[in-house]
Amino acid sequence: MNDTHHTQSPLRLVRVGLLALTADCRVTSGDEAAAALMAVPLAVLSEGKRLVDLVRPSDAVDVEASMGPPPFNFLGLASTSTPLLIHVSRVSADSLMASVTSVNEYLAESQALARVQLRNTVESIISGFAHEVRNPIAAILSLSEAALMADPENETGLARIPSLVARVESLIRQALAYSRPKPPVRSLHAASALVEHAINLLRPRDTAVRLDVPHPHGDVPPVMVDMLQCEQVLVNLVENALDAARSVVRVVVRPGRTPGPSVCIEVSDDGPGVSAELAERIFEPFFTTKAHGTGLGLAIARDLTRLNGGELRHVVDAPQGATFRVYLPSTAAPIRGHW
């Protein structure tokens with residue numbers, strides 16, 4: 001496969017193997033890709049071995065998942081200790097099918113896809129950035145010239161210049177952060193610690209809104225993320241919630257309901273919420289409903305989350321106010337599939 005094809009479609013390098021299984025998850029046949037990924041001779045896939053004997057579940061959670069009724073997913077290790085994602089689905093009453101994917105390949109290529117998607121948005125960022133910058137710059141020139149020409153002693157108009165310049169600087173900083181994200185340096189962190197650090201960064205803020213952070217629900221695993229990038233995501237979400245809330249913002253940490261082990265961090269407020277019309281645009285670069293917003297906060301938060309193998313979602317059917325959920329993976333593998 002040449003470099004041109006790789007650039008056009010980064011996910012071409014992710015191999016997917018297929019296995020035929022009996023109803024009790026014994027392997028009856030498989031293709032060459034599955035044999036290569038599982039590091040076994042092709043003939044072994046027709047010997048009727050148990051799937052879990054060929055791909056050993058990674059931990060107790062995956063052992064339990066591998067024994068569930070189809071469809072189900074579990075993370076396992078090949079004989080070479082290569083991490084694999086197994087997805088099992090039912091074909092008929094007495095037969096199943098399984099797909100085999102390399103976690104390492106999927107992670108590398110999904111991050112490559114995320115970087116390509118970021119590069120593809122640069123043109124729209126530059127266009128929106130130019131439009132946003134021209135307005136305050138024109139106002140600066142107009143106010144300065146008018147004040148100086150009409151009355152050199154009058155500083156009424158000139159007094160507005162610092163706030164206009166600050167807006168330009170804010171736009172420049174956020175646009176650069178969005179267009180040139182740093183590759184994540186991922187390690188295991190307690191999700192509750194990430195929330196605590198993000199909230200501490202906002203503590204100096206003067207607000208009458210109450211911040212409610214209950215003890216995490218259930219047995220919450222650690223998350224494998226870049227700490228600073230995920231704190232930036234959480235700061236953005238909590239700050240937006242504080243701006244919108246009438247009286248309370250709630251931040252809840254719980255296990256994620258995804259195919260692989262993950263954590264969900266939910267940020268909700270009791271403000272006016274997001275209309276269906278606006279909900280379709282809230283992640284667009286430079287789209288904002290705030291008088292002094294840049295429209296980059298949610299766009300940056302979503303892409304940083306994806307670079308760390310997670311997903312950021314707006315809950316469209318929240319009972320009141322606005323609710324956002326950040327799903328972060330607990331392993332090196334990104335969160336996959338539709339859930």
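Each value in this text was obtained by applying a stated rule to the coordinates, not by laboratory testing. Computed from a predicted model, the values in this text were never measured in an experiment. Cβ sites come from the backbone with ideal geometry, for glycine too, and all protein chains shown count toward neighbours.
Taking Lys and Arg as +1 and Asp and Glu as -1, the other residues whose beta-carbon sits under 15 Å from that of residue 96 total +2. If you plug the beta carbon distance of residue 77 and residue 281 into 1/(1 + (r/R0)^6) with R0 = 41 Å, you get a FRET efficiency near 0.45.
Basic side chains Lys and Arg get +1 at the Cβ, acidic Asp and Glu get -1 at the Cβ, and with that the dipole of segment 276-332 about its Cα centre reaches some 160 debye. Per the Cα gyration tensor, segment 184-339 maps to an equivalent ellipsoid with semi-axes of 23, 18, 15 Å, ordered largest to smallest.
With r as the distance between the Cβ atoms of residue 142 and residue 15 and R0 = 41 Å, compute the FRET efficiency 1/(1 + (r/R0)^6) and round to 0.05. So, using R0 = 41 Å, E works out to roughly 0.10. Here the relative contact order of segment 3-102, from alpha carbon pairs under 8 Å that lie six or more residues apart, stands at 29 percent. Peptides 17-26, 230-239 ranked from most to least packed give 230-239, 17-26, packing being the mean of other C-beta atoms within 10 angstrom over each peptide's residues. For residue 99 and residue 46, the difference between the fully extended length at 0.36 nm per residue and the C-alpha to C-alpha distance is 17.5 nm.
Between residue 316 and residue 182, residue separation times 0.36 nm minus the direct Cα-Cα distance comes to 45.2 nm. Remark: spin-label model distance residue 64-residue 151 equals 7.5 nm, labels positioned 7 Å along the Cα→Cβ axis.
Quick check for me: using +1 on Lys/Arg Cβ and -1 on Asp/Glu Cβ, what's the dipole size of segment 184-339 about its Cα centre, in debye to the nearest 20? It would help to have the intermediate numbers written out before the result.
Values: 15 positive and 17 negative charges, 41 e Å.
Computed about the Cα centre, the dipole is about 200 debye.
When 137, 335 are arranged by Cβ crowding within 10 Å, least crowded first, meaning fewest neighbours, the order is 137, 335. Once the C-beta distance of residue 257 and residue 134 is scaled by a Förster radius of 35 Å, the resulting FRET efficiency is 0.15 to the nearest 0.05.
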